[in-house]
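A.B. asks: Can you keep this structure in mind? I'll have questions shortly.
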Amino acid sequence: MSTQEWYLFGHLLGVFFLLAATGLTTGAAIAAGRAAAANTVVTLIDLQLRSERIVTSIGAILAIVFGSLLVNEAGYSFGDAWISTAYTLIIIALALDHGVYLRRVKAARDIAVSLGNGPVTVELRDKLNDGIARLTGIVLVLIWLVFLWLMIAKPGA
């Protein structure tokens, strides 16, 4: 395999990690919103937190490092609009994910932990259905889809 193919492989591996984390987090969030027991919510939120903190972080590091190496190797420029947009989107996505979404998810987890083995309360249900967390999650999914489209279509390249 050529150097460019190795860089592409590493970059795609990172993208797959990012998309896997998005799917895992989305599924766990939906399941947590439908759960009847607080301890089930804790488990599902723990899954979300680990998915975002670990899988998203690994994916972002791989995608950025190998993508940056690939830019020069493939003959692109960091000034190309699609590449600049991709870097901007990944920075925005990570900031939203770690700065907004995970804080809201952690707040819901704290309530669920305080309930122990009891049922999901109205307070917890409201926290799980938090509009800002939901909107942030939707925006993150959309950002990852645009990011994926940029990498496939390479508009202007």
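The values are calculated or read from the model by the stated rules, or taken from the named source; none is laboratory data. Worth saying up front: this structure is predicted, and the values here are computed from it rather than measured. Please note: Cβ atoms are built from the backbone with ideal geometry, for glycine as well, and neighbour counts cover all protein chains shown. For accessibility, only protein heavy atoms count, side chains too; no ligands or nucleic acids. Shrake-Rupley method; radii C 1.70, N 1.55, O 1.52, S 1.80 Å.
A.B. asks: How many of the residues in region 74-130 are open to solvent by less than 70 Å² (accessible area, probe 1.4 Å), assigned to a helix (DSSP H, G or I) and β-branched (V, I, T)?
C.D. replies: So the answer is 6.
A.B. asks: I'm told L12 meets every condition in (1) open to solvent by 70 Å² or more (accessible area, probe 1.4 Å); (2) touching a strand residue (DSSP E or B) at 6+ places or on another chain (Cβ under 7 Å) except one. Can you identify the failing condition by its number?
C.D. replies: (2)
A.B. asks: Look at region 34-52 and say how many of its residues are in a helix (DSSP H, G or I), surrounded by fewer than 17 Cβ atoms within 10 Å (Cβ to Cβ) and in contact (Cβ under 8 Å) with a residue 40 or more places away in the chain.
C.D. replies: 3
A.B. asks: Go through region 131-157 and report how many residues are part of a loop (DSSP other than H, G, I, E, B) and surrounded by 12 or more Cβ atoms within 10 Å (Cβ to Cβ).
C.D. replies: Of the residues in region 131-157, 2 are part of a loop (DSSP other than H, G, I, E, B) and surrounded by 12 or more Cβ atoms within 10 Å (Cβ to Cβ).
A.B. asks: Please go through region 15-33 and give me each residue that is touching a residue at least 24 places away in the same chain (Cβ under 8 Å), closer than 23 Å to R109 by Cβ and open to solvent by less than 50 Å² (accessible area, probe 1.4 Å), ordered by number.
C.D. replies: Hits for region 15-33 are L18, A21, T22, T25, A29, A32, G33.
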